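Written below as structure tokens is the structure these notes are about.
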Protein chains: 2
Amino acid sequence: MNLPSKHLEEAVEQLSSLPGIGKKTALRLILNILNRTEEEVEKFSYSFLKMKQNVQNCKICKNVTDFEICFICSNPKRDASIICIVEDIRDILAIEATQSYNGLYHVLGGIISPMDGVGPKDLNIDSLLSRIETSKPDEIIFALSATMEGDTTNFYLFKKLNNSNIKITTLSRGVSIGAELQYADELTLGRSLIQRQLFNQ
Amino acid sequence: MNLPSKHLEEAVEQLSSLPGIGKKTALRLILNILNRTEEEVEKFSYSFLKMKQNVQNCKICKNVTDFEICFICSNPKRDASIICIVEDIRDILAIEATQSYNGLYHVLGGIISPMDGVGPKDLNIDSLLSRIETSKPDEIIFALSATMEGDTTNFYLFKKLNNSNIKITTLSRGVSIGAELQYADELTLGRSLIQRQLFNQ
């Protein structure tokens, strides 16, 4: 795109680096930003930098948080004997919205996907294993997407945890196979949490 | 959306202020930004602020530019006797891509749309009239969208310019090149029949 301003071009370039945002969409959005006051644009711009500089991963569960320990891990009312393993924080939001779960989480930060070059070493698996070693939970829930990659990750984790005496469960397949977790409706997701099944049955 | 970090929430809030970006999409994009290095996020953030602080409107045609006068107005090879009136800079990009026009432009910055609260005073019409007064072009081309609002704006400008001896033209409307006749809408097909051209011109 041959834009009449280098600064405009750079802004379009940056915005279209986001997944799913093409050059034409980016230009439309950038012209909207350009019509705002300088104060508004300042607030817009700094929001991303402030986020990057301040947001950290919870030392326990790797959820994003403004503090060392996230508000779920630091909540004494949550049941610390259950750990629910999810792919990213959007899955936590989806599960929290069901109001059917009171345990803790562990965010893997992705799932094993050789096609995308994501192996076990790229995920928060070591921290999960040492966390389980220390805190000795009664139950681990696998709550990954019902896809090939999710299943692969489930099996990898299952093999790693098989020798321990922890009950390993997985969400019941009320969630449609092939669908991503975060798009499941709350009722289905809630039901499949309640009806979770022993993984090795 | 009840996010586990205030900074994350603010970034999602800001990104979803863009037209067509909902909260869920914004969160997906923000998590992508969060996975980048601080240097990358800095570059991303500052691109918008730098643009706002440096991009200005060309003093002549109101096109966006990094300088006082845009590269089209300052190009001595362009035909200054024709001014093409467009809605925004994306229309300039579309017309320039045709390589069929060598005149100048004037960017209105919108079209008259009472439903959206946009009146003639909100557009670059005064600057257009005084520009025409001074530079006395031979021809004005109306190149606004073929919608109710575009037509309204055309008529408003036509009334304002009617007393001058300038030739006023508008883009021809008709069946798109490469389109099959049977799929053209009735209004367009009717218009292209009425405005039929001599075949050997």
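No value in this document is a laboratory result; all are computed from the given coordinates. Note that the coordinates shown come from a computational prediction; the quantities given were computed from them, not determined experimentally. Counting neighbours? That spans all protein chains shown, and the Cβs are built from the backbone with ideal geometry, glycine included.
Would you please classify the overall shape of chain A from the alpha carbon gyration tensor, given that a ≥ b ≥ c denote the square roots of the eigenvalues, rounded means a/c under 1.5, and beyond that prolate means a/b larger than b/c while oblate covers the rest?
Details: a/c = 2.28, a/b = 1.95, b/c = 1.17.
Prolate is the answer for chain A, as a/c is 1.5 or above and a/b outweighs b/c.
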Within a Gaussian network of chain B (alpha carbon springs, distance under 10 Å), most fluctuating of B:LYS50, B:LYS160, B:LYS59: B:LYS50
Choice from B:TYR46, B:TYR105, B:TYR183 showing the highest fluctuation, given a GNM over chain B with Cα pairs closer than 10 Å: B:TYR183
Proximal lysines relative to B:LYS43, as straight alpha-carbon distance under 20 Å, when same-chain residues fewer than 8 apart are discounted: A:LYS6, A:LYS23, A:LYS43, A:LYS50, A:LYS52, B:LYS52
Exercise: per-residue mean of other protein chain Cβ atoms within 10 Å, B:49-62: 5
Where only C-alpha atoms are counted, convex hull volume of the protein assembly as shown per residue in Å³: 205
Largest to smallest principal axis extent of the C-alpha atoms in segment A:6-54, angstrom: 30, 25, 18
Three-way shape call for segment B:75-170 based on the alpha-carbon gyration tensor, with the a/c threshold at 1.5: oblate
Approximate spin-label separation B:LYS121-B:PHE155, in nm, with each point projected 7 Å along Cα-to-Cβ: 2.2
Two-decimal Rg to Rh for segment B:117-201 - Kirkwood Rh, Cα set: 1.05
Per-residue ³J(HN,Hα) for segment B:186-191, Karplus 6.51 cos²θ - 1.76 cosθ + 1.60, θ = phi - 60°, Hz, x for Gly and Pro: 4, 5, 5, 5, x, 4
Nitroxide proxy distance, nm - points 7 Å out along Cα→Cβ at B:THR147 and A:GLU40: 1.9
Per-residue average of Cβ from other chains inside 10 Å of A:17-25: 4
Mean Cβ count within 10 Å, highest first, over the residues of peptides B:106-113, B:152-159, A:28-35, B:163-170: B:106-113, A:28-35, B:152-159, B:163-170
Degrees, to the nearest 10: B:148-161 long Cα axis against longest axis of chain B: 50
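Restricting things to alpha carbons, find the Rg to Rh ratio for segment B:76-127 using the Kirkwood radius for Rh.
Result for segment B:76-127 is an Rg/Rh of 1.05.
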³J(HN,Hα), Karplus 6.51/-1.76/1.60, whole Hz, each residue of segment A:12-23, x for Gly, Pro: 5, 4, 5, 5, 7, 7, 6, x, x, 9, x, 4
Projected label distance in nm at B:ASN162 and B:LYS6, using a 7 Å step from Cα toward the beta-carbon: 6.0
Span from the segment A:17-62 Cα centroid across to the segment A:95-109 one, whole angstrom: 27
Angle in degrees between helix B:89-98 and the longest Cα principal axis of chain B, rounded to the nearest 10: 60
Averaged over A:114-124, number of beta-carbon atoms from partner chains that fall within 10 Å: 0
